[in-house]
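Notes to accompany the following structure.
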Amino acid sequence: MSGDDVVRLATASTPFEAHLWKQALEEEYIPCKVVGDYLEAGVGDISGIQPEVWVHRDFVDRARAILDAHRHALERTTEEED
């Protein structure tokens, strides 16, 4: 992935969430990177630093649709457990 061709797809609330999204995207053959997931290890717990998922700009629309479907499935599962 060339640096000029990648864009931020989403900002996660935790590194775990970012890596779940990465896994969901890679299962659909969308290459991606998690950026900033271990920054707090080096600089401490600083608010405002959150992990991001980046993809090639050619995959943005498809990747957004996959993340939306993943989020909705997670919401349904959470609602069913309650």
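Odds and ends about this structure:
- FRET efficiency for residue 4 and residue 64, using Cβ-Cβ distance with R0 set to 22 Å, rounded to 0.05: 0.65
- The Cα atoms of segment 3-81 cover 37, 36, 17 Å along the three principal axes, with the biggest extent listed first.
- Per-residue Cβ neighbour counts within 10 Å put 34, 55 in the sequence 34, 55, beginning with the fewest.
- Contour minus Cα-Cα distance for residue 57 and residue 20 (0.36 nm per residue): 11.3 nm
- Nearest-0.05 FRET efficiency for residue 38 and residue 75, computed from C-beta distance (R0 25 Å): 0.35
Laboratory data are not the source of any read-out in this text; all were calculated from the coordinates shown. Everything quoted here is computed from the prediction, not taken from an experiment. Reconstructed Cβ throughout: ideal geometry from the backbone, glycine too, with neighbour counts over all protein chains shown.
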